Amino acid sequence: MKYIDHHVHTRYSFDSEASIEEYLINGKRMGLQYIIFTDHQDFGTNEKNFVPLIDYGEYIHTMEKLEKEYQLPIKIGVEIGYEKDHKGEIRSFLNKYPIDFVIASIHYGDGGDFYEGSFFNGMNRRESYGRYFELVLEMVENFHDYDVVGHLDYITRYGPFKNRYYEYQEYKDIIDRILKAIIKNNKGIEVNTSGLREKEGRLYPKVELLERYKELGGRVITIGSDAHSSEGYYAGLKEAKGLLKSLGYNKIYYFENRIGITIDI
C-alpha cells in the first residue's frame with residue numbers, strides 16, 4: 001500500500017482554494033487506494049476567516065458525489081482548531097458525523113491569533129512560545145477525542161522575532177509533559193512537512209522532539225503535507241519517511257474509522 005498523505009486542505013478551508021477535483025485526478029494518477037481530506041473546523045476563534053464553520057452535512061454530500069464521479073474513495077478527516085471553552089461543541093460535532101481521522105491543532109489562544117499575529121502582543125519569544133506549549137498541554141491533558149496532534153512546535157512559523165527559532169532544552173519540561181500525556185492517552189503526533197516549504201526549511205516537530213517522543217515510548221505517528229494546493233500534495237513525505245527511518249521508527253500510521261493501522265516505512 002502506498003502511504004496516504006494525512007493532512008490535506010481543499011477549497012472548504014478558508015486559507016485554501018485547492019480544487020478537490022485536482023486532488024482526485026492526481027490521486028488516480030498516483031495509483032492511490034483513497035484520498036483523505038482534513039479541512040479546518042476551528043472552534044472558539046475570533047478570527048473572522050475561520051467562521052462560519054463548514055457545513056459537514058453538505059461537505060460529506062459533495063465528497064460522496066465526487067467519489068462516485070472520479071471513482072476514487074474519499075475518507076473524511078478534519079483538522080480541529082481547539083479552544084478549551086468549546087470542548088462540548090467539538091465533541092458534539094465529532095459525534096454527529098462519520099469522521100475517519102481527527103487532527104487536533106492549536107491555531108490561536110487567549111483571544112489572539114497566530115496567523116495575523118495578535119497572539120504575540122506584549123510577549124517576547126520565550127513567553128509566547130512558552131504560552132503556546134501551555135495551550136497544547138492543556139489540550140492533550142483535557143481533550144482526548146482526537147487521533148494526532150497537528151504540527152507540534154510550528155509556533156515558530158509565526159513568531160515575529162529576529163531570531164524565531166528555539167532549542168528543545170529551553171522548553172524541555174513542558175514538552176516532555178505534552179509528549180507523555182499524548183502517549184498515556186494512546187494518541188499520536190504528526191510529522192508535518194509544510195515547514196520544508198517555508199523559510200524555516202524544517203519538519204514540524206523538530207528532530208529533537210521526534211527523538212524524545214520515541215525515547216518516551218511514542219509510536220503513533222502520521223505524515224501529512226498540510227497541502228493547501230494540489231502542488232503541495234505529498235510534498236516532503238519522502239523526506240519525512242527517510243528521517244523517521246533514520247531515527248529508528250519502523251512503522252507509520254494511517255487511520256480509517258478512527259482506528260490507527262500501521263504500515264512499514
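With no solvent and one equal point scatterer placed on each C-alpha of the stretch 168-227, evaluate the Debye formula and give log10 I(q)/I(0) for q = 0.12, 0.13, 0.23, 0.25 Å⁻¹, two decimals. Once normalised to I(0) and log-transformed, intensities are -0.29, -0.34, -0.95, -1.05. Considering only 68, 187, 245, the mean-square fluctuation computed in a Gaussian network model of the chain, springs between alpha carbons under 10 angstrom, is largest for 68. With the whole protein complex present, residue 239 retains an accessible surface near 110 Å², based on a 1.4 Å probe. Here the stretch 183-229 is assigned +1 on the Cβ of each Lys and Arg and -1 on the Cβ of each Asp and Glu. Its dipole about the Cα centre then comes out at about 140 debye. Residues considered: 243, 135, 24. Largest GNM mean-square fluctuation over the chain, using C-alpha springs under 10 Å, is found at 243. Close amide H contacts of residue 191 (hydrogens built in the peptide plane, cut-off under 5 Å, sequence separation of 5 or more or a different chain): 222, 223, 224. When you restrict to C-alpha pairs under 8 Å that are six or more residues apart and normalise by the size of the stretch 69-162, the relative contact order lands at 32 percent.
Result for the chain in a Gaussian network model with C-alpha springs under 10 Å: among 205, 160, 73, the largest mean-square fluctuation is at 160. The mean accessible area for residues of the stretch 97-237, using a 1.4 Å probe and ignoring ligands and nucleic acids, is 39 Å² per residue.
Applying 0.36 nm per residue to the separation of residue 84 and residue 118 and subtracting their alpha-carbon distance, the gain on full extension is 10.4 nm. Magnitude of the charge dipole for the stretch 133-252, about its Cα centre and with charges confined to Cβ atoms of Lys, Arg (+1) and Asp, Glu (-1), is about 400 debye. Take every pair of alpha-carbon atoms less than 8 Å apart whose residues are at least six positions apart; their mean separation over the length of the stretch 165-265 yields a relative contact order of 22 percent.
Between residue 219 and residue 176, the contour length at 0.36 nm per residue exceeds the Cα-Cα span by 14.0 nm. Of the cross-linked pairs 65/241; 172/241; 68/199; 214/238; 199/245; 87/162, those separated by over 29 Å at the C-alpha level are 65/241; 68/199; 87/162.
Taking other residues whose beta carbon is less than 14 angstrom from the beta carbon of residue 230, and scoring Lys, Arg as +1 and Asp, Glu as -1, yields -2. In order along the stretch 61-77, the phi-based Karplus estimate (6.51 cos²θ - 1.76 cosθ + 1.60, θ = phi - 60°) of 3J(HN,Hα) comes to 4, 4, 5, 5, 5, 5, 4, 5, 5, 9, 6, 9, x, 10, 9, 9, x Hz; Gly and Pro are listed as x.
For the chain, averaging the sequence separation of C-alpha pairs within contact (under 8 Å, six or more residues apart) and dividing by the residue count gives a relative contact order of 20 percent. The antiparallel fraction among DSSP beta bridges confined to the chain stands at about 30%. Given +1 at the Cβ of Lys and Arg, -1 at the Cβ of Asp and Glu and no other charges, the dipole of the stretch 77-141 around its Cα centre is 80 debye to the nearest 20.
Close amide H pairs (under 5 Å, H built 1.01 Å from N) link residue 37 with 75, 77, residues at least 5 positions away or on another chain. If the segment from residue 19 to residue 144 were pulled out straight at 0.36 nm per residue, it would be longer than the present Cα-Cα gap by 41.8 nm.
What is the stretch 124-239 by shape, rounded, prolate or oblate, if you read a ≥ b ≥ c off the alpha carbon gyration tensor as root eigenvalues and call it rounded for a/c under 1.5, prolate for a/b larger than b/c, and oblate otherwise? Here the stretch 124-239 falls in the oblate category. Only protein heavy atoms count here; under a 1.4 Å probe, residue 51 has an accessible surface of about 80 Å².
The values are calculated or read from the model by the stated rules, or taken from the named source; none is laboratory data. Small disclaimer: the values here were computed from a predicted structure and weren't measured. Backbone-built Cβ (ideal geometry, glycine too); neighbour counts: all protein chains shown. Only protein heavy atoms, including side chains, enter the accessible area calculation; ligands, DNA and RNA are left aside. Shrake-Rupley method; radii C 1.70, N 1.55, O 1.52, S 1.80 Å.
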